[in-house]
Amino acid sequence: MKMDEYINKLIEVINEALKYNHFVRDKTLQEKTVQELESYILAIHQNKFEAEQKGAPDFFLNRFFHFQCVMNSVKSSLNMWIKLKEGKNYDAWCSLQDAIDYIAYSQKVEEQMSGINDLQKFFMDCEKTLFPVFPLYNSSGLLFKGGTCSICGKPLEKCEHIEEYLYNGKICKRINITDVAINHIAMVKEPDDKRCIIQEFQSEDGQMYDYMTMLPTKEKPHDSENKTISGIVYNTHSLDIF
């Protein structure tokens, strides 16, 4: 199959999957669509690898990367609906953040599938309407030691690649980190990772409540001066961007 024919097939698959990208769609059909997207994503990886081995130019490999990210984004969005139906609200939030991040990575490629901006807006609207507003997020000041470049395998400080840049259908990242130290933890309005949220808070009566559902969780001793909160301060989740 020629490249243009293959791209048209991928667009067809994505558009078909988007038909199930609504809360009211049947959960079983959404799960089936997720499995179908996963098989196509694996095929994209294989085709990208084979093309790279044959010396394909950057723009060719980057087109594979673009659709790899778009499919992952739609898959993540479907997972959001599935997790919401299962009552797994934090997992649903993380799936939505995955969808948003994947679309952002897909936009690093100049030649893009039509409708990407509309899809991005849809995800941002989901963030505003499906979930409560988080006034602050957790943010960890991390110090990384060691690590190599995901593109060339050299120590990141000694290679010519730049983190978060796209090269040959892959994003440059620091991998194989030998040590991570937390320098500080802060609460910020604009975090690097929105998955690091407040999950529970203590009310005036000392009761702990789930921030998303507002349902009581566990008792905490009443403290009028220092209220207790709990949440995620660091997320080890990684995206399929290689």
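Computing FRET efficiency as 1/(1 + (r/R0)^6) for E204 and K32, where r is the C-beta to C-beta distance and R0 is 51 Å, gives about 0.60.
Dipole magnitude for region 76-207: about 340 debye, using +1 per Lys or Arg Cβ and -1 per Asp or Glu Cβ, origin at the Cα centre. The modelled label-to-label distance between H237 and E52, using points 7 Å beyond Cα along the C-beta direction, is 2.4 nm. The residue among N8, S238, T33 whose Cα reaches farthest toward the positive pole of the charge dipole of the chain, with charges on the beta-carbon of Lys, Arg, Asp and Glu, is N8. Computed over all pairs of different Cα atoms, the Kirkwood value for the hydrodynamic radius of the chain is 20.1 Å.
Loop-only check: which GluC sites (Glu not before Pro) in region 60-148 are DSSP coil with at most 13 other Cβ within 10 angstrom?
The qualifying sites are E86, E110, E111.
Only DSSP H runs of four or more residues enter the estimate; each adds -39500 (n - 2.57), and after division by the residues of the chain the mean residue ellipticity at 222 nm equals -15000 deg cm²/dmol. Note on region 197-213 and region 21-99: Cα centroid distance 33 Å, given to the nearest whole angstrom. Ordering C69, N47, L130 by the projection of their Cα atoms onto the charge dipole of the chain, which places +1 on the Cβ of Lys and Arg and -1 on the Cβ of Asp and Glu, puts N47 at the extreme positive end. The charge dipole of the chain, taken about the Cα centre with unit charges on the Cβ atoms of Lys, Arg (+1) and Asp, Glu (-1), comes to about 340 debye, rounded to the nearest 20. Scalar couplings 3J(HN,Hα) for region 94-106, obtained by applying the Karplus form with A = 6.51, B = -1.76, C = 1.60 to θ = phi - 60°, are 5, 4, 5, 5, 4, 4, 5, 5, 4, 5, 4, 5, 4 Hz; x denotes Gly and Pro.
Overall, region 123-178 carries a charge dipole of about 260 debye about its Cα centre when +1 sits on the Cβ of Lys and Arg and -1 on the Cβ of Asp and Glu, all other atoms neutral. Quote the Stokes-Einstein diffusion coefficient, in whole µm² s⁻¹, for region 63-206, based on the Kirkwood radius over alpha carbon pairs, a temperature of 10 °C and a viscosity of 1.306 mPa s. The Stokes-Einstein estimate is 91 µm²/s. Karplus-based coupling profile of region 56-66, in residue order and whole Hz: 4, x, 3, 4, 5, 5, 5, 5, 4, 4, 4, with θ = phi - 60° in 6.51 cos²θ - 1.76 cosθ + 1.60 and x standing for Gly or Pro.
Only the coordinates and a few stated rules stand behind these numbers; no lab work does. This structure is a prediction, so every number in the text was calculated from the model and none was measured. Counting neighbours? That spans all protein chains shown, and the Cβs are built from the backbone with ideal geometry, glycine included.
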